[in-house]
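First the structure, in the form of structure tokens, and then the observations on it.
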Amino acid sequence: MAGNSNRRGAVRRSGSKKGATVGSGGQRRRGLEGKGPTPKAVDRPNHKAHKMAKAAAKHAPSRPSRSGGRKHGASSEMVAGRNAVVEALRADVPVATMYVAGRIDADDRVREALKTAGERGIPVLETPRGELDRLTDGAVHQGLAIQVPPYAYAHPSDFVDPQAPGIPLVVALDGITDPRNLGAIIRSVAAFGGHGVVVPARRSVGMTASAWKTSAGAAARVPVAQVSNLTSALKDFRKAGFFVIGLDMEGDVDLPELGLATEPLVVVVGSEGKGLSRLVRETCDQIVSIPMSSAVESLNAGIATGVTLYEIARQRSGK
């Protein structure tokens, strides 16, 4: 403004900066510029939480899918939640690592899980809750989870062993996707002297933690083989001297009249809804049905397999 130029100090010298020129504020302006929010503990290299998260990530599986954690190939599965973890440990499900949230409120289930892990030599990692959320894909883990390692599938040729005790008996699954059915079938195979189970690699159930639990420990004794093509595998069994029978409501023969019970057998079980696929049905030597009351439309795969294996075992024993 006119007249202000004569005021003392009114003219700013070139090169001068607004504000103090003496002291740290003026001399270290750039050093005081904002650097964003303070990083989380897990993101700070020298923090304990970061080191724990790094150790957990080293042993962590790839992120599980929401379909139950199973992927084709060598993949792991995470079982989350206190009840689920304890039940899996009681069923002797194999465990690679146990993850426990820091400062967890321990109850009887947590104490049992930790005790079992110690007795079985299972590594236990204390893990930040955020990292545990990521590992379990956002499941309700209650601060406890276990990593189930990939299942080591057998080869179907392992069941063609002339030196194996008893008459060979194998169960093959066609289109069954419920792991509880697989677990129940494995349990029946163990109970009635079967030698193994065959599952397709695609569009089929695999050996998940749920299947292990349902088998009530039988999965540790009964091998499960995985094949890329079920029809081809059944043909190979026939070439090896096996008879292949399929279970279906509209069978050629009723189960009590089965004449092949004392021969080497592959029992093929289809899904409850679709039954046997066309190619598998055409590969069977015989289609067998289970007589039922007219009030019952069908049995689920697990029960149907158990009934069939019982009858085969009964005929083989001569009772």
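A short reminder: the numbers here are calculations on the coordinates, not readings from a lab. Just so it is clear, the structure is predicted and the values come from calculations on it, not from any experiment. In this analysis, Cβ positions are derived from the backbone assuming ideal geometry, glycine residues included, and neighbour counts consider all displayed protein chains.
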- Note on the structure: Looks like the stretch 181-319, by Cα gyration tensor root eigenvalues a ≥ b ≥ c and the a/c under 1.5 rounded cutoff (else prolate when a/b is bigger than b/c, oblate otherwise), is rounded
- Message: For Cα pairs less than 8 Å apart in space and 6+ apart in sequence, what is the mean separation divided by the residue count of the stretch 156-317, i.e. the relative contact order in percent?
- Response: 28
- Item | Per-residue Cβ neighbour rank within 10 angstrom, fewest leading, Thr97, Thr262 | Thr262, Thr97
- Among the trypsin sites (Lys or Arg not before Pro) in the stretch 87-186, which ones are in a DSSP loop with at most 16 other Cβ atoms within 10 Å of the Cβ? Mind listing them? Arg103
- Kindly state, to the nearest 0.05, the FRET efficiency for Asp108 paired with Lys239, given R0 = 45 Å and r defined as their beta-carbon distance. 0.25
- Prolate/oblate/rounded call for the stretch 138-249, Cα gyration tensor, a/c under 1.5 rounded: prolate
- Query: If you take the beta carbon distance between Arg203 and Thr262 as r and set R0 to 45 Å, what does 1/(1 + (r/R0)^6) give as a FRET efficiency, to the nearest 0.05?
  - Reply: 0.85
- Query: So which aspartates and glutamates pass the test for Lys115, namely a Cα distance under 19 Å, with those fewer than 8 places away in the same chain ruled out?
  - Reply: Glu87, Asp92, Asp105, Asp107, Glu126
- Percent antiparallel among DSSP beta bridges (both partners in the stretch 156-317, rounded to 5): 5
- In the stretch 191-221, trypsin sites (Lys or Arg not before Pro) in a DSSP loop with at most 14 other beta-carbon atoms within 10 Å: Arg202, Arg203, Arg221
